[in-house]
1. If you check B:486, B:522, which single one turns out to be in contact with a Pro (Cβ under 8 Å, 6 or more places away or on another chain) and either part of a loop (DSSP other than H, G, I, E, B) or at positive phi (or both)?
2. Can you run down the residue pairs with Cβ atoms below 9 Å, 6 or more apart or on separate chains, where the first is in region B:126-138 and without any contact (Cβ under 8 Å) to a residue 12 or more places away in the chain and the partner is among the charged types (D, E, K, R) and assigned to a loop (DSSP other than H, G, I, E, B)?
3. Pairs, please: C-beta under 8 Å, at least 6 apart or cross-chain, first residue at negative phi and in region A:25-45, second among the aromatic types (Phe, Trp, Tyr)?
4. Is it the case that region B:230-240 has a residue that's in contact (Cβ under 8 Å) with a residue 60 or more places away in the chain, under 26 Å from residue B:526 (Cβ atoms), in a helix (DSSP H, G or I) and within 14 Å of another protein chain (Cβ to nearest Cβ)?
5. Being farther than 28 Å from residue B:465 by Cβ, touching a residue at least 40 places away in the same chain (Cβ under 8 Å) and surrounded by fewer than 24 Cβ atoms within 10 Å (Cβ to Cβ) is the requirement here; does residue B:88 meet it?
6. What are the residues in region A:18-46 that are at the interface with another protein chain (Cβ under 10 Å from one of its Cβ atoms) and among the β-branched types (Val, Ile, Thr), if any?
7. Any idea which of B:753, B:780, B:814 is part of a helix (DSSP H, G or I), touching a His at 6+ places or on another chain (Cβ under 7 Å) and in the same structural domain as residue B:693 (by TED's automatic domain parsing)?
8. Determine which single condition residue B:307 fails, assuming it passes every other condition in (1) over 30 Å from residue B:452 (Cβ atoms); (2) at pLDDT below 95.
Amino acid sequence: MKSWLILLGGFIVWTVHFFGLYLIAEFAPSATLVIALTILCIIADLWLLRWLRAMACSEAFAQWRRSVGMAGAVLSLLAVLWQGLPVMLA
Amino acid sequence: MRSETGFDPYLYQRFPTQEERPPEEEEGLRRIWCAPKGWEYLTVVNNNYVGIFYLGTAFLFFLLAGVLALLMRVQLAAPLMEVLPQATYNQVFTMHGTVMMFLFAVPMVEAAGVLLLPQMLAARDLPFPRLSAYAFWAYAVGGLAFFASLFVGLAPDGGWFMYPPYTSKAYSPGINADFWLLGIGFIEISAIAGAIEIIVGVLRTRAPGMSLDKMPIFAWAMLVFAVMIIIAFPSVILATLLLEIERAFNWSFFDAARGGDPVLWQHLFWFFGHPEVYIIFLPAAGMMSMIIPTVARTELVGYRLIVLAMIATGFISFGVWAHHMFTVGLPPMTTGFFSAASMAVSLPAGIQVFSWIATLAIGRPRFNAPGLFVLGSIVIFVTGGLTGVMVALVPFDWQAHDTYFIVAHLHYVLIGGMVFPLFAAMYYWIPMVSSRAMSERLAKWVFGLMFTGMNVAFMPMHLAGLMGMPRRVYTYLPGSGWDMLNLISTVGAFLFAFGVLLFLIDLARNFRMAPGGGNAGNVYGAGSLEWLPTELYSTRSIPVVKSREPLWDDPKISDDVEQGRYFLPRSATGLRETIVTSPLLAEPQYVQIMPGPSVWPLVAAIFTAFFFLALTVQAYMFGLASGVITVMAMLRWLSETDRPIAQDEVDIGAGIMVPTYMTGPRSHGWWAMVILMIVMAMISAMAMFGLAFLWSNQPGFWTPPASLGGGIPIALGYGLVVAAAVSCRWLHRMGKNWAVAPVLLAGLAAPLLTWLDIRMWSAVLAPDASGQGAAVFAILSLQGTVAAIGVLFAAYLGWRSLRGLITPTGNSTLDLACLFIGYCGAQGLVGTIFTRAVGA
């Protein structure tokens, strides 16, 4: 389970953010909620990156797993910021 | 990294073994995995046959849908043509889209997985061969019957996305729409069955040592593809069920005048429909990533980035469905998010394209048949991707929506992203299954005609669309400026068709099926395991994998594998078997006994198709009988599995002993059941979303729901069902055989609880009274269906228990029954509370 969390962590954060945004827009439209959720997800991505950076990896698979996880977290960070922009700029 | 299962990785150093293997071992393998004769071809379950049958049938549907496309192009070649009447044209374009998406694209890539994955992973077969056979036959029988509706004028005519209210009973009173709604039911079942097979196969039957970072990129693509099917298809299953119920019983899910909402259909459909594009694209991209390194004679650039991109595509593609609905009038905030996500999804696709270009740039590419098709694919797909970014911009989409610009865009994406890679794959892998490779000389003509034809056909459609030509019109007036563009498109379509025809001629000349060896061999010099010498049992022995291109890195591996110097050089139990490995590091865990040929998957598949088709033509008694026969056939096929094995442990090579039976979360059956439960949970979650959506959008039709207090005893009852299922499994492991009884009772209690809930709701609301009533009773009906399946599980468990087939160590059936009945209780619990909470 830990390996899957490392590999998919960033994308899980993105999923929470995206579907959170959709539910807010559909059922309770509020810019404040959107911004709060975006900040929470950015913090989650940053925490994930810090955790993965600090993780000791001596073997090939563990290194590979960490590098995919970190790239996923970076991609997620960009996507969360990108998708928060329409509301933040409005 | 520590061992995942306690297996000592130093044991791999015992391979390749040095001693000679007795010759009778190979004879034994040949006998156990023997080729079918005569009628036995109908009962075959081996992936070498089922995969080819599957591919052939899917390609047949490609040709049939292609003929429909040509008919449309002839009709549109000039203004006011009268080749097809308007009503027939509507059926033809609906069937073209439906057949291409449901009967060609998804089954084709699934078929490629069934055929290639066991070889790439060096498994004897996929873990549920009978499920593969069932998936194929359900698709083939049902698909052909569905297509035949065109010949009697009953084919669906509402477009491949079947929007209500146009497809409601009021505007589509015939059974054409029902053919679509029920006709694709068996395709959905077939796709999900295939996806379960692929997920468990990729994660649990890889060759020892093939950790996730050494997995072939095609296997990664198929894994993400199958997970996406599991998440996306439930949405369209639910949507088709709801629309069919609305048409048959007048429940108003999508009728705005009675508290339904047609936009709900669009949400449900596109939650499936957009990921569907990536469901088709990802396996094709996986094929590209396998072919390009071979063509370029170098390693793939950015393996880990491509894996990342595939996973990212899998996730982000679920956040773009509403970009098909920008003109519907969504809230501005929603539009903004979906527009942003639609642009973001181009990032992972871009990563893959740049990796392919970089691999070609640093290698020494050969522009042979697969090489030409991958290049063509990159050019066409990138063009389609760029217009995709254009339509992700909301103001542009408002202009281009429902015009031929979209037709051009989607064909560039799908032909570049799937059809060209598929042709590259056919040229590339046909030598693996045929004794003769395809002609390189003819292939250049095929490529030239298809590439030119594709661009001549679809490039002008961008212009026609920007000039205002709408989609789905059967004709147009002269002088609109579209005449020449349409004529050019028609010429292009025929050029493309000539290319395909030439390919067929080449196929007929050169393809000679060689499932028992004697194939043309590794003609392109690839490095992955599917190019090891194989017979019907796959490779003679299963190698230890130490890199991503084992054939490049270890020139002796083919010979060692052939000499039986690796794992499982013989049948350890005298039965069909493969090694089940751990999901991350692929450490050997146990030997799985695989079922052999059987007629029951075929019988179940035929009657599954009859069931749906009988409902379509309203032959309800025949439908009921077909359903019963389907269930009986499945139980019969199951009854031959999960049998006691004489040996508890066997030597799988070099003195390494593993068990022959596994139960609980480490077993492959448990994994399959969990995936099935995810499918059911997604259907249920989508139904609950539907209820919440209607409450949010149609508050004027809402009545106070049944009381939460009244629902608490029912919820508690469901909680007891869960508790019984969990405790039964635990007690049985402690040797308490009587523990089967509580789970049997729980299985029988669940439908009773659903019936009580229905009674309670009936006092408050009728299903045909409003959207709320329809949605609540749909949730209850789904719960009733799950409970009925739970009863079947309980009955099957009771039968096996009475026959003494359930023991404290041999209790896989018990585990799976407990898992399902526990799930049934959990779904009931959530549904009982949720339906009362919305709008309370």
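1. Details: B:486 fails: either part of a loop (DSSP other than H, G, I, E, B) or at positive phi (or both).
One residue alone meets the criteria, B:522.
2. Here the result reads none, with nothing in region B:126-138 linked to a residue that is among the charged types (D, E, K, R) and assigned to a loop (DSSP other than H, G, I, E, B).
3. Listed by first residue and then by second, the contacts come to A:25/B:337; A:26/B:693; A:41/A:14.
4. Scanning region B:230-240 turns up no residue that is in contact (Cβ under 8 Å) with a residue 60 or more places away in the chain, under 26 Å from residue B:526 (Cβ atoms), in a helix (DSSP H, G or I) and within 14 Å of another protein chain (Cβ to nearest Cβ).
5. On the way: farther than 28 Å from residue B:465 by Cβ: no; touching a residue at least 40 places away in the same chain (Cβ under 8 Å): yes; surrounded by fewer than 24 Cβ atoms within 10 Å (Cβ to Cβ): yes.
It is false that residue B:88 is farther than 28 Å from residue B:465 by Cβ, touching a residue at least 40 places away in the same chain (Cβ under 8 Å) and surrounded by fewer than 24 Cβ atoms within 10 Å (Cβ to Cβ).
6. A:24, A:34
7. On the way: B:753 fails: touching a His at 6+ places or on another chain (Cβ under 7 Å); B:780 fails: touching a His at 6+ places or on another chain (Cβ under 7 Å).
None of the other options fit; the residue is B:814.
8. Condition not satisfied by residue B:307: (2).
The values are calculated or read from the model by the stated rules, or taken from the named source; none is laboratory data. All values reported here derive from a predicted model rather than from experimental measurement. For neighbour counting, all protein chains shown are included, and Cβ atoms are generated from backbone atoms with ideal geometry for every residue, glycine included.
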